[in-house]
Amino acid sequence: MGLHFVTQQRPITDALRRSVVEDLPEIEQVQNLVLRTKAIEAWAFALSHSSFGRISDIPPGGNPGMNVLKRGSQADHLRGVARLALQIADTFIAQRPEVRIDRDVVLTGALCHDVGKPYEFDPVNLARWEEDPSATGQPTLRHTVFGTYVCLAVGLPEEIAHIACAHSLEGQHIGVSSECMIVRHADHAYWSVAGALGLLTPESLRRDPILRVRKLADEVKQAAE
Ligand SMILES: [Fe+2]
């Protein structure tokens, strides 16, 4: 049994950073310059440590092979979660101005919550984990854990690393920040509603007793022809 070291596959270039902004244009709405710059750096860092060329090359799943969009890419999920999270925040801010929400942390956290996916979805890693899970674990690290490492490595603040860490299962074991609670619900809502609306492949659907899947408009049309 050998040891495996996570290494950088290619340099972090301005072209790679530009591709992050092209795939996640909402990143330009982050007001705090440090958060905006480091969010771009986090994705460039994560991609450069993976086989993926850009965010839109990552398969559009919640986990590898689970809750996979029929069309689109991981960028659609991230942008959807960013939109939903801001809408949750803005609804409460509009209704109850006395609430205190850091909108910039919500937006940056939503755009970076899955920054560990280039690692967890990397086909090279998936093949290595499949070969001997008893040696590697399967996965060795979930995207939440690797994403936490990425956030801290590029100098994002703990508030964003916390969202990468606790937006999913890991958040059930710790107290979560208000901004993390918003992103968690936006993320989970994205997959649940996408499943109900027929946007996920049937074979990738997480078992859910209350789920009844609606057909997409083009599927109804196709069935009628
Ligand atoms: Fe997500």
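The values are calculated or read from the model by the stated rules, or taken from the named source; none is laboratory data. Please read all numbers here as calculations on a predicted model, not as lab measurements. Because the Cβ atoms are built from the backbone with ideal geometry, glycine has one as well, and the counts that use them run over all protein chains shown.
Yes/no matrix, rows are residues, columns are (1) under 13 Å from Ala42 (Cα atoms); (2) modelled with pLDDT under 95; (3) part of a helix (DSSP H, G or I):
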| site | (1), (2), (3) |
| --- | --- |
| Asn125 | no, no, yes |
| Arg128 | no, no, yes |
| Leu141 | no, no, no |
| Leu156 | yes, no, no |
| Cys165 | no, no, yes |
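Of everything in the stretch 39-87, what is of a type in the set (A, V, I, L, M), out of contact with any Pro (no Cβ under 9 Å at 6 or more places or on another chain) and closer than 23 Å to Asp104 by Cα? Give them in sequence order. Ala39, Ile40, Ala42, Ala44, Leu78, Val81, Ala82, Leu84, Ala85, Leu86, listed by residue number. Does Pro59 satisfy the condition of being in contact with a strand residue (DSSP E or B) (Cβ under 9 Å, 6 or more places away or on another chain), closer than 19 Å to Ala164 by Cα and more than 12 Å from the ligand (Cβ to nearest atom)? Yes; evaluated as a whole, the condition is true for this residue. Within the stretch 1-38, the set of residues being of a type outside the set (S, T, N, Q), closer than 30 Å to Pro133 by Cβ and either without any contact (Cβ under 8 Å) to a residue 12 or more places away in the chain or touching a Ser or Thr at 6+ places or on another chain (Cβ under 8 Å) (or both) comprises Gly2, Leu3, His4, Phe5, Arg10. Number of residues in the stretch 167-180 that are within 16 Å of the ligand (Cβ to nearest atom), outside any helix (DSSP H, G or I) and small (Gly, Ala, Ser) equals 1. For the stretch 21-49, the set of residues classified as out of contact with any Leu (no Cβ under 8 Å at 6 or more places or on another chain) and not charged (D, E, K, R) consists of Val21, Pro25, Gln31, Asn32, Leu33, Val34, Thr37, Ile40, Phe45, Ala46, His49, listed by residue number.
Between Thr144, Thr108, the distinction of being surrounded by fewer than 24 Cβ atoms within 10 Å (Cβ to Cβ), within 14 Å of Arg184 (Cα to Cα), in contact (Cβ under 8 Å) with a residue 24 or more places away in the chain and under 12 Å from the mean Cα position of the chain (by Cα) belongs to Thr144 only. Within the stretch 75-118, the set of residues being within 11 Å of the ligand (Cβ to nearest atom) and outside any helix (DSSP H, G or I) comprises His113, Asp114, Val115, Gly116. Among residues of the stretch 1-41 being in a helix (DSSP H, G or I) and of a type in the set (Gly, Ala, Ser), the one that is surrounded by the fewest Cβ atoms within 10 Å (Cβ to Cβ) is Ala15.
The test for being within 16 Å of the ligand (Cβ to nearest atom), under 23 Å from Leu69 (Cα atoms) and either small (Gly, Ala, Ser) or at pLDDT below 95 (or both) does not hold for Gly198. Out of Ser73, Ser51, Ser19, Ser56, one residue alone is within 26 Å of Thr136 (Cα to Cα) and within 19 Å of the chain's Cα centre (by Cα). It is Ser51.
For the stretch 149-165, taking the residues that are more than 12 Å from the chain's Cα centre (by Cα) and within 16 Å of the ligand (Cβ to nearest atom), the one that is nearest to Ser50 (Cα to Cα) is identified as Val150.
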